Protein chains: 2
Amino acid sequence: MEYPSLLIERAVEEISKLPGIGKKTALRLVLHLLRQPANFTADLLLALKDLRENIKYCTTCHIIADTEKCTCQNAYRDTSVICVVEDTPDVLAIRSTGKYNGLFHVLGGRISPVDGIGPENVNIESLINRVKSEDQVKEVILALSTTIEGDTTSFYITKLLKEQNVKVTTIARGIPVGSELEFADEVTLGRSIASRMLFSQD
Amino acid sequence: MEYPSLLIERAVEEISKLPGIGKKTALRLVLHLLRQPANFTADLLLALKDLRENIKYCTTCHIIADTEKCTCQNAYRDTSVICVVEDTPDVLAIRSTGKYNGLFHVLGGRISPVDGIGPENVNIESLINRVKSEDQVKEVILALSTTIEGDTTSFYITKLLKEQNVKVTTIARGIPVGSELEFADEVTLGRSIASRMLFSQD
């Protein structure tokens, strides 16, 4: 498409580098910004600038935070259990279920030899050190994707934690709540039969 | 949702003010920015800042442009016809058809009494002056939305141009190319029969 202005072309180019945003959407956003008062754009830019320059990662659990010590060690949390996830959105998703009140550990990715991501590229070492140094930790819950990479990472962590005195569990894999059996794939259905459990409404 | 950081919360808040972007998408974009090198965000912010601060509107045709005189008066354009549109994306859409080589006039909106937008809030007066002062203009094509507001605006402009020596036309309303008759609404189908024309493959 031929843009009427180089400024627009450059803005569209930059915005459409974001995931899930194509050139048409980018143009729509650009024109929206131009129709709003100038401080609308200024506020947006300032928020993004502050974010990129001042964001920290908690040195304990690696969650994105405003300081290097996040609220992960709050007194009201159950410090005997650590839930291992791939990224920060997973933390938010698990928190919003209201079913978990323990600690978290963000790996920042998963082991994927195909993409050149080895165990040293994700926060696995600090997890092991954490389990070693914090005596109160009794259980590590692996809440990773049910993909080859996720399972590889889970196996690797399980192996490393074998010598430690902790229980290693994984979140249940099975039929999603509210879905019909006939639409489930065979692997999921097979796993859900193998991992059958006592009936409860919870 | 409870965010792990105030910086993230603020960035999500600002991004989700954009049209078509909810909080979940905004969070995904924010996390994407954090995973990219810092200059990725810097380039984006600079492009948007430049855009907002330096964009101009052509004083003749009101198209968004880098200068106050856009390329609308290029020698190779057909200056005998002005196509009136609501906004800049319409200009781009019509240009990309390759079927029009005349001038444009961007109204910057349409008359909509319900939203408090009267004829004085859109660039109608400058259109009339343009037609009056530029003798070579022989036709004004109205390419506005087929909504009540679009039609109201078209009627208003047609009335004002009645005394001028120009032909006022509107783009054809009918069945979109490639669509089935049975899915067309009655009004469109009715109009397309009333405005029937000689068959051509063009």
### Message
Suppose the filter is of a type outside the set (Ser, Thr, Tyr) and modelled with pLDDT of 85 or more; does B:GLN164 pass it?
### Response
yes
### Query
Out of all the residues in segment B:71-84, which are away from chain A (no Cβ under 12 Å) and open to solvent by less than 10 Å² (accessible area, probe 1.4 Å)?
B:ILE82, B:CYS83, B:VAL84
### Message
If I ask for residues that are open to solvent by 50 Å² or more (accessible area, probe 1.4 Å) and in contact with a helix residue (DSSP H, G or I) (Cβ under 7 Å, 6 or more places away or on another chain), which ones from segment A:138-158 would you list?
### Response
A:TYR156
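Taking B:LYS24, is it out of contact with any Gly (no Cβ under 8 Å at 6 or more places or on another chain), open to solvent by 70 Å² or more (accessible area, probe 1.4 Å) and closer than 27 Å to A:GLU86 by Cβ?
yes
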### Message
Kindly evaluate B:SER16 against the criterion of being closer than 27 Å to A:SER16 by Cα, more than 8 Å from every other protein chain (Cβ to nearest Cβ) and free of Cβ contacts under 8 Å to residues at least 12 places away in the same chain.
### Response
yes
### Query
Which of the residues spanning segment A:51-63 are facing chain B (nearest Cβ under 7 Å) and touching an Asp or Glu at 6+ places or on another chain (Cβ under 9 Å)?
A:ASN54, A:ILE55
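Just give me the residues in segment B:32-43 being aliphatic (A, V, I, L, M) and open to solvent by 10 Å² or more (accessible area, probe 1.4 Å), in sequence order. Step through it out loud before you land on a result.
Our first condition is that a residue be aliphatic (A, V, I, L, M); within segment B:32-43, this holds for B:33-34, B:38, B:42.
Listed by number, the residues that qualify are B:LEU34, B:ALA38, B:ALA42.
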### Task
Would you point out the residue of segment B:55-70, among those that are touching a residue at least 12 places away in the same chain (Cβ under 8 Å) and over 16 Å from B:ARG130 (Cβ atoms), that is surrounded by the most Cβ atoms within 10 Å (Cβ to Cβ)?
B:ILE64
### Query
Mind checking whether some residue in segment A:5-20 is surrounded by 14 or more Cβ atoms within 10 Å (Cβ to Cβ), of a type in the set (Val, Ile, Thr) and not in a helix (DSSP H, G or I)?
no
#### Entry: Which listed residue, of A:SER145, A:SER126, is within 23 Å of B:VAL30 (Cα to Cα), away from every other protein chain (no Cβ under 14 Å), polar (S, T, N, Q) and within 20 Å of the chain's Cα centre (by Cα)
A:SER145
### Message
Against the condition modelled with pLDDT of 90 or more, among the basic types (Lys, Arg) and out of contact with any Lys or Arg (no Cβ under 6 Å at 6 or more places or on another chain), how does B:LYS138 come out, does it pass?
### Response
yes
### Query
Only one residue in A:LEU198, A:LEU189, A:LEU161 is loosely packed, with under 11 Cβ neighbours inside 10 Å and more than 21 Å from A:ALA65 (Cβ to Cβ). Which one?
A:LEU198
### Message
Just to confirm my filter: which helices (runs of 4 or more DSSP H) fall fully inside segment B:84-202 and include at least 2 residues that are closer than 23 Å to A:ARG35 by Cβ?
### Response
B:88-97, B:124-133, B:148-161
### Task
Please list, ordered by first then second residue, the pairs with beta carbon atoms under 7 Å, 6 or more apart or interchain, first in segment B:185-199 and free of Cβ contacts under 8 Å to residues at least 12 places away in the same chain, second assigned to a helix (DSSP H, G or I) and surrounded by fewer than 10 Cβ atoms within 10 Å (Cβ to Cβ).
none
### Message
Step by step: first the residues of segment A:19-38, then only those that are aliphatic (A, V, I, L, M) and within 28 Å of the chain's Cα centre (by Cα), then the one that is farthest from the other protein chains (Cβ to nearest Cβ). Which residue is that?
### Response
A:ALA26
## Note on the structure
So, first residue under 10 Å from B:ASP78 (Cβ atoms) in segment B:131-145, second residue open to solvent by less than 10 Å² (accessible area, probe 1.4 Å), Cβ within less than 9 Å, six or more apart or across chains; the pairs are B:GLU139/B:ILE82; B:GLU139/B:GLY102
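The values are calculated or read from the model by the stated rules, or taken from the named source; none is laboratory data. What you see is a predicted model; the values in this text were computed from it and never measured. For neighbour counting, all protein chains shown are included, and Cβ atoms are generated from backbone atoms with ideal geometry for every residue, glycine included. The accessibility values were calculated without ligands, DNA or RNA, using every heavy atom of the protein model including side chains. Shrake-Rupley method; radii C 1.70, N 1.55, O 1.52, S 1.80 Å.
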